[in-house]
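The values are calculated or read from the model by the stated rules, or taken from the named source; none is laboratory data. Just so we're clear, the structure is a prediction, and the values are computed from it rather than from any experiment. For neighbour counting, all protein chains shown are included, and Cβ atoms are generated from backbone atoms with ideal geometry for every residue, glycine included. Note: accessible area is taken over every heavy atom of the protein model, side chains too, but ligands, DNA and RNA are not part of it. Shrake-Rupley method; radii C 1.70, N 1.55, O 1.52, S 1.80 Å.
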Amino acid sequence: MGRRGRNDNSLFQHPRSRDQPGGWVEIQKQNAAFEEYYKAQDIVPESEWETFFDKCKQTLPVTFRITGTSHHDALQIRDTLVNEYVPFLKNITWEGEEVEPPTKLPWYPDGLAWQIRVGKTVIRKSKPFARFQRFLVVETDVGNISRQEAVSMIPPLLLDVQPHHAVIDLCAAPGSKTAQLIEAVHAVADPTGIVVANDSDHKRSHMLIHQVKRLNSPNLVVTNHDAQLFPRIRIADEGESYLRYDRVLCDVPCSGDGTMRKNINVWRDWSIHNGLSLHQTQINILNRGLHLLKPGGKLVYSTCSLNPIENEAVVAQAIRMWRGKVRVVDCAELLPGLVRRKGMTSWKVMGKDKQWKDATEDGMPASCFAQGDEVELGVENCMRVYPHDQDTGGFFITLFEKVAEAADTAPAGPLKRKAKADNVLEQNGSDKRAKAESDASELEPIHSEADPQPLAPKKKERLPRDANEEPFKFLSADHPTIENCWKFYSIADDFPRTSLLVRNATGEPVRTIYYVHPQLHPVISLNDTKVKFIHAGIKLFAYQKTLEGICPWRVQSEGMAVLYRHIARKAGDAVRVVRCGLDTLETLCHVTFPKFNELKDKEFLNQLLALTEGCVFLEVDVGEGDKPIVFPMWRGRGSVNLMLPKQDTAELLLRVFKIENVPGNGNKQEHATPAESTDAPAETESEAPPTAEQTETDVAESIETA
Ligand SMILES: C[S@@+](CC[C@H](N)C(=O)[O-])C[C@H]1O[C@@H](n2cnc3c(N)ncnc32)[C@H](O)[C@@H]1O
C-alpha cells in the first residue's frame, strides 16, 4: 500500500503534525515494460540485474544537506549535529535489531550531507531519535537543513562554482540545486557573481522563489522562460554586449524513472513514450545552454532518468553539433567516494509502438540512435549513478567544457532565421506550457552547413506580461526616501545606492525597498521588456504608516547583513547599533517586549536610552575571537523587541541555549504580540506571502514533466 505522491517524511515533520486524510492507492512495484526495456539495454551486467532491480523497489533513505550562504554557520550546525546528536544515536537497538546511526555522505564536501535509515516507530519511541528529530525539524524550519536526494546534490558540486561566476540554472524549479549554486557564489562575503534561475513553469518558479528566498541573496534573479529559447541578456547600453555564463546547469525535464524508489508512481506510469517525447526538448535545452556558455566555461547536463535516449543519445548529439568546441570532462577524480558507472556507448531504440527500431526505419530521429562514434565523442565520460551502488536513486550527469568559441555559434553573433525542421518529435507537456515571449529568430545561431542542426522549438506568440508580476524599477540614488533612511540608520556612502529598487509601475517607494547586487543592475534595467523577471533582490526596508514621524521604513531581517556591513561608525554619530551578551539575548528570546525596567543589563539599557524610537541593529557577543551575531531589534518607547520570526527564535533557543521546546510553536512569553502592542510596529510582512506553497525538493525531481 502506498500513499500517492507522498514520501516517508517522518523525520522532518513536527511530531504532532498529521497527514491529510485520503489518497491511499495501491501501487505494485513492478512494471513489465520497464523490466524488459532496461534488461535489453544492459544498463547493468546480467549478473547484477537482480540486485539492481531489488534495490529499485526499496524505500529510499532520507538524505539532507546543511545549507545556508554562510559556510561558517553551516559548519557550526554540522558540529552541533556531530557532537550533540550523533553520539547519542549510536548503539541503539530496537526490538532486538541494531538501529543504524545517521551517516555522512562520504563524497559531499565538509561533511555537510547526511543519510538516515530509520523507521517511524524508532523515531517516535526512542528518546535520542525523537530529540534528533526535533533538531532536524527546528533547523529545517529556519532553512539551515534541507531535505534533498543524495544524487540531486551531485550536479552543482561538479560545476565548481566560484564567487565571481555568472551562473544560469535553466530548469531550476523547485530549486534544490539552485540553492547549492547560490551557496557556492556566496562562499565569500559580498561576492560579485550572479545566479540566474529559470523555469518555464510559472507556478513552479514561485516554488523556487519560496525555496531560495531564505538564502537572502541579492545576487539572484529568477526568470520564467522556455529554456530552449532562453533570451540573450544585454549588459551594456551600447553595442552588442550580452551576458555569457561561466557555469550553466541543464537539469532538464525527464521521464524521472531513476526516482522509482521515492516516486512509486513510476512503477504504475512508466512507458517508453515518456523518454521519447522529451528527447528533442532535452537536446534543444542543452544546445541553448552551450550557446550561453563562455569559452572555458562548464556546463552540467543531468537527468533523474536511466534511459540512454534521454541521456547518452542527447549528449552525443550535442557533441556532434558542437564538434571540436565542447568536450565531455572525465570526472573520475572528482567527488572521491562517489560510486559511478561510465556512460553507455551503445543502446537500443524502442518506438512508441513498443517495437525495437533500427536506424534506417522512418519515423525515428537519427539522434536517438547510437551511431558508432560514441567512444570517439567521449560519451564514456558521462556518469551513471545506480541505486544499488550506494543506496541512492538513479541519476545521470555529464560535465561539459566549452573549449573554444564558435564564431558562428555565439549568442551575440550574427543571427539568421533557421530552416524549418521536418522531423520534429512531438514535444512534451512542459514545452506546451512554455512561454516563449522571446523572439526566436534572435536566438538561432548560424551553423556551418556541416553542423547538424538542432530541431527548432516552435516560435510562440509573444505573451503579455503576467498581470501579477509587477515591474522592477530602480530608484534614483538621491531619492528623498533613500536620503531619509540613510540618515536615520547612518548608512555609509560606500553602499551602492543605485542598486535599490521597487516593484510597482510608478517607480515610487510605496511598500518595500529592495536591493540587488550592482552586477544585476544592467541585467534587469536593460532587459525588462524582453526578459520575464519574476524575482530579484532582497527586502531592505518595509513601510509602516504608524511610524510616520520616526522613520517609517523598518529594516527587514533579510536585508540585515547587507545593511550592517555598511553602517557608518563615525565618532559622534547616533549609530543605531546596540550590543549585549548572551544572557540578554536569552531574555529577548523568551520575552516579547520586555519593559526597560525589566532589563537587567544596565549597560545595554543605557545604549537603548541614547537612541530614538525605531529599528536598531543588535550585536550579540558570542565569545572572544568570534564575530558578534546581529539581529534586527525594535527600540520602543518603553520596551524592546527582538524582530525575529518565531521559528528563528525556537532555533536560537535550541542551538545556542540548548532549550528544547515544542518546535515551530515559538517560545516567547506572549506579553503582547507585536501587532497588538501600542509600542511597536506590526511584525507582519508588508508583502504578500509566497503564491505557491513550499513543496519538498525531492518531489520536484519527480516525473512531473513525464
Ligand atoms: C528535473 S526538474 C528540475 C529540478 C531542479 N533543478 C531542482 O534541483 O530542484 C525540471 C524542471 O524543468 C522545468 N521545465 C520543463 N520544461 C522546460 C523548458 N522547456 N524550459 C525550462 N524549464 C522547463 C520543469 O518545470 C521542472 O521544474
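For the reader, a short list of remarks on this structure follows.
- Restricted to region 520-575, the set of strands (runs of 3 or more DSSP E) holding at least 2 residues that are touching a helix residue (DSSP H, G or I) at 6+ places or on another chain (Cβ under 7 Å), in the same structural domain as L475 (by TED's automatic domain parsing) and under 22 Å from Y242 (Cβ atoms) comprises 533-536.
- Test: residue in region 284-303 that is within 14 Å of the ligand (Cβ to nearest atom), assigned to a loop (DSSP other than H, G, I, E, B) and of a type outside the set (S, T, N, Q): no
- Inter-residue pairs, beta-carbon under 8 Å, first modelled with pLDDT under 95 and in region 190-212, second open to solvent by 30 Å² or more (accessible area, probe 1.4 Å) and outside any loop (DSSP other than H, G, I, E, B), 6+ apart: D190/R565
- The set of residues in region 233-246 being more than 16 Å from the ligand (Cβ to nearest atom) and either part of a loop (DSSP other than H, G, I, E, B) or without any contact (Cβ under 8 Å) to a residue 40 or more places away in the chain (or both) consists of I235, A236, D237, E238, G239, E240, S241, L243, R244.
- Across region 88-120, the qualifying residues are those that are of a type in the set (A, V, I, L, M) and modelled with pLDDT under 95, and the one among them that is surrounded by the most Cβ atoms within 10 Å (Cβ to Cβ) is V118.
- Here is the figure for region 492-516: residues that are farther than 18 Å from Q556 by Cα and in a helix (DSSP H, G or I) total 1.
- Unmet requirement for V138, which otherwise passes all of (1) crowded, with 24+ Cβ neighbours inside 10 Å; (2) within 14 Å of the ligand (Cβ to nearest atom); (3) touching a residue at least 40 places away in the same chain (Cβ under 8 Å): (2)
- Near pairs, Cβ below 7 angstrom, 6+ apart or cross-chain, from region 215-231 (over 24 Å from Q556 (Cβ atoms)) to any residue that is open to solvent by 10 Å² or more (accessible area, probe 1.4 Å) and away from the ligand (no atom under 14 Å from the Cβ): P231/K530
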